[in-house]
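Participant: Next up is a structure, given as structure tokens.
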Amino acid sequence: MKAVVCERYGPPEVLRLAEVDRPVPGPDEVLIRIRATTVNRSDCHYRLGTPPVARLVTGLFRPRHRILGSELSGEVEAVGPAVTEFTPGEAVFGVKAWTFGAHAEYVCMRESAPLAPKPASVSFEEAAAVCDGVILALMGLRRADIRNGRSILVYGASGSIGTAVVQLSRYYGADVTAVCNTENTSLVTTLGADRVIDYTQEDFTKNGQRYDVIFDAVGKHSFRRCRESLRPGGIYLATDQLSNLVRAAWTARIGDKKVVFPIPPRYTKQDVVFLKGLMEAGRYRAVVDRRYPMADVVEACRYVETGQKTGNVVLTVS
Ligand SMILES: NC(=O)c1ccc[n+]([C@@H]2O[C@H](COP(=O)([O-])OP(=O)(O)OC[C@H]3O[C@@H](n4cnc5c(N)ncnc54)[C@H](OP(=O)(O)O)[C@@H]3O)[C@@H](O)[C@H]2O)c1
């Protein structure tokens, strides 16, 4: 089969399309013929080997996993003898977190992995882009007890995690303020934001408004700068910068405003099934910015690494 292989750490150009062996499903595994996958920020961090401390897990000298790509949608091609939940021909979507392998024509996943039937109303491309940003968003929102009556400001509302945070906060009944640039204000409004602040026109930390939760969905803000915009007992949710782990530990003991950095992400089948239900009910959609054929993965990575994508970037696999 064809796959994108990554044999050393480095820029997007280290990736190459190659012929590799097609995986064979074990007794409790399904073999999926991939129709679409994504290039997300985790793929890029993994390929770059950043932050350096991550190489203790991802491989000291070269990437432990040769084929990247975690999110996917496709069709079940074959199942192991112990599989009861899936049947060949069924359309599925999910996330192969930690071990990757989705930048390929085929992948094997355990039946118990974060994998679920794809809603018929959602395209393969859209379904492939559902699991990563949303699961990171869900983890944060659960830790912040987001619900009716609570207010949240989403900084970086136009990114993969940000577009998910806006929609899920709306779903949970919170009052949502989204912060993005001029270009994306109408998008985040259609996703359910109650109000939008264009960061090119207004600094939300200076307008006197306060929120129960500030979700820094793009890792470009800081607890220090947001602190005065949090209500007493407020929570700053971080998605980036390991120094936030120290701040989380510190604020857990001192002060009434907390930093929460929900890592490592936990990807579960239960959450993928929950997302399937949300999509079927019309309460969630993945925002897809650009689509590239798998052969153009280098170009796709370059775009993701600009930090300017809106929602998600999909790779189509024919
Ligand atoms: N915690 C984890 O396990 C985990 C996993 C994956 C990723 N991450 C991190 O989570 C963060 C978000 O990832 P993502 O994939 O959701 O990001 P993304 O999709 O790449 O975010 C891009 C979006 O952020 C907006 N943006 C860029 N700079 C901004 C700024 N200074 N202020 C406001 N908006 C800005 C961009 O819009 P503009 O056009 O306005 O610039 C763009 O729409 C990244 O830092 C990533 O490293 C964490």
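The values are calculated or read from the model by the stated rules, or taken from the named source; none is laboratory data. Computed from a predicted structure; not experimentally measured. Positions of Cβ are generated from backbone atoms using ideal geometry, with glycine treated the same way; all protein chains shown enter the neighbour counts. The protein model used for the area step is the full one, side chains on, heavy atoms only, and it has no ligands, DNA or RNA in it. Shrake-Rupley method; radii C 1.70, N 1.55, O 1.52, S 1.80 Å.
Participant: Being among the β-branched types (Val, Ile, Thr) and open to solvent by less than 10 Å² (accessible area, probe 1.4 Å) is the filter; apply it to segment 83-98 and report the residue that is nearest to ARG64 (Cα to Cα). Break it down stepwise before answering.
Facilitator: Here is the first cut: in segment 83-98, the ones among the β-branched types (Val, Ile, Thr) are 83-84, 87, 92, 95.
Remaining after also requiring open to solvent by less than 10 Å² (accessible area, probe 1.4 Å): 92, 95.
Working: VAL92: 26, VAL95: 18 Å.
Ranking the qualifying residues of segment 83-98, first place goes to VAL95.
Participant: Can you tell me which residues in segment 217-240 are in a loop (DSSP other than H, G, I, E, B) and either more than 25 Å from the chain's Cα centre (by Cα) or surrounded by fewer than 16 Cβ atoms within 10 Å (Cβ to Cβ) (or both)?
Facilitator: Here is the first cut: in segment 217-240, the residues in a loop (DSSP other than H, G, I, E, B) are 217-222, 238-240.
Answer for segment 217-240, where residues must be in a loop (DSSP other than H, G, I, E, B) and either more than 25 Å from the chain's Cα centre (by Cα) or surrounded by fewer than 16 Cβ atoms within 10 Å (Cβ to Cβ) (or both): just LYS220.
Participant: Out of segment 141-155, which residues are outside any helix (DSSP H, G or I) and either surrounded by fewer than 24 Cβ atoms within 10 Å (Cβ to Cβ) or among the small types (Gly, Ala, Ser) (or both)? Spell out the reasoning first.
Facilitator: Step one: list which residues in segment 141-155 are outside any helix (DSSP H, G or I), which gives 144-155.
The answer is ALA144, ASP145, ARG147, ASN148, GLY149, ARG150, SER151.
Here is a yes/no grid of residues against (1) assigned to a loop (DSSP other than H, G, I, E, B); (2) away from the ligand (no atom under 16 Å from the Cβ):
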{"position": "GLU75", "(1), (2)": "no, yes"}
{"position": "THR87", "(1), (2)": "yes, yes"}
{"position": "VAL92", "(1), (2)": "no, yes"}
{"position": "ALA120", "(1), (2)": "yes, yes"}
{"position": "MET139", "(1), (2)": "no, no"}
{"position": "ALA157", "(1), (2)": "yes, no"}
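Participant: Could you list all residues from segment 273-290 that are out of contact with any Lys or Arg (no Cβ under 7 Å at 6 or more places or on another chain) and within 15 Å of the ligand (Cβ to nearest atom)?
Facilitator: Within segment 273-290, ALA286, VAL287, VAL288, ARG290 qualify.
Participant: Just one of GLY101, GLY80 is more than 16 Å from the ligand (Cβ to nearest atom), in contact (Cβ under 8 Å) with a residue 60 or more places away in the chain, among the small types (Gly, Ala, Ser) and buried (at least 16 other Cβ atoms within 10 Å of the Cβ); which is it?
Facilitator: Working: GLY80 fails: in contact (Cβ under 8 Å) with a residue 60 or more places away in the chain.
Checking each option against the conditions leaves just GLY101.
Participant: Do we have VAL272 as open to solvent by less than 70 Å² (accessible area, probe 1.4 Å), closer than 23 Å to ASN181 by Cβ and either out of contact with any strand residue (DSSP E or B) (no Cβ under 6 Å at 6 or more places or on another chain) or in a helix (DSSP H, G or I) (or both) here?
Facilitator: Working: open to solvent by less than 70 Å² (accessible area, probe 1.4 Å): yes; closer than 23 Å to ASN181 by Cβ: no; either out of contact with any strand residue (DSSP E or B) (no Cβ under 6 Å at 6 or more places or on another chain) or in a helix (DSSP H, G or I) (or both): yes.
No: the conditions fail for VAL272.
Participant: Moving on to the next point. Answer yes or no: is there a residue in segment 193-205 that is on the phi > 0 side of the Ramachandran plot and either away from the ligand (no atom under 14 Å from the Cβ) or part of a loop (DSSP other than H, G, I, E, B) (or both).
Facilitator: Filtering segment 193-205 for residues on the phi > 0 side of the Ramachandran plot gives none.
No: zero hits.
Participant: Can you tell me how many residues within segment 141-155 are within 12 Å of the ligand (Cβ to nearest atom) and touching an Asp or Glu at 6+ places or on another chain (Cβ under 7 Å)?
Facilitator: The qualifying residues number 1.
Participant: I would also like to ask the following. Please tell me if GLU75 is open to solvent by 30 Å² or more (accessible area, probe 1.4 Å) and within 22 Å of the chain's Cα centre (by Cα). Quick ask: steps written out before the conclusion?
Facilitator: On the way: open to solvent by 30 Å² or more (accessible area, probe 1.4 Å): yes; within 22 Å of the chain's Cα centre (by Cα): yes.
Criteria met by GLU75.
Participant: For segment 159-180, which positions are open to solvent by 40 Å² or more (accessible area, probe 1.4 Å) and not in a helix (DSSP H, G or I)?
Facilitator: Passing the criteria: TYR172, ASP175.
Participant: Quickly run through segment 201-216 and pick out the residues that are open to solvent by 10 Å² or more (accessible area, probe 1.4 Å), in contact with a helix residue (DSSP H, G or I) (Cβ under 7 Å, 6 or more places away or on another chain) and within 22 Å of PRO262 (Cβ to Cβ). Give the derivation first.
Facilitator: First, pick out the residues of segment 201-216 that are open to solvent by 10 Å² or more (accessible area, probe 1.4 Å): 201-203, 205-212.
Applying the additional criterion that residues be in contact with a helix residue (DSSP H, G or I) (Cβ under 7 Å, 6 or more places away or on another chain) yields 205, 209-211.
Across segment 201-216, the qualifying residue is only TYR211.
Participant: Scan segment 297-318 for residues that are surrounded by fewer than 23 Cβ atoms within 10 Å (Cβ to Cβ), more than 16 Å from the ligand (Cβ to nearest atom) and outside any helix (DSSP H, G or I) and jot them down.
Facilitator: Residues satisfying the conditions are THR316, SER318.
Participant: A further question on this structure: Out of VAL57, VAL24, report the one residue that is within 13 Å of the ligand (Cβ to nearest atom), farther than 21 Å from PRO293 by Cα and open to solvent by 60 Å² or more (accessible area, probe 1.4 Å). Reasoning before the result, please.
Facilitator: Numbers: VAL24 fails: within 13 Å of the ligand (Cβ to nearest atom).
So the residue among VAL57, VAL24 that is within 13 Å of the ligand (Cβ to nearest atom), farther than 21 Å from PRO293 by Cα and open to solvent by 60 Å² or more (accessible area, probe 1.4 Å) is VAL57.
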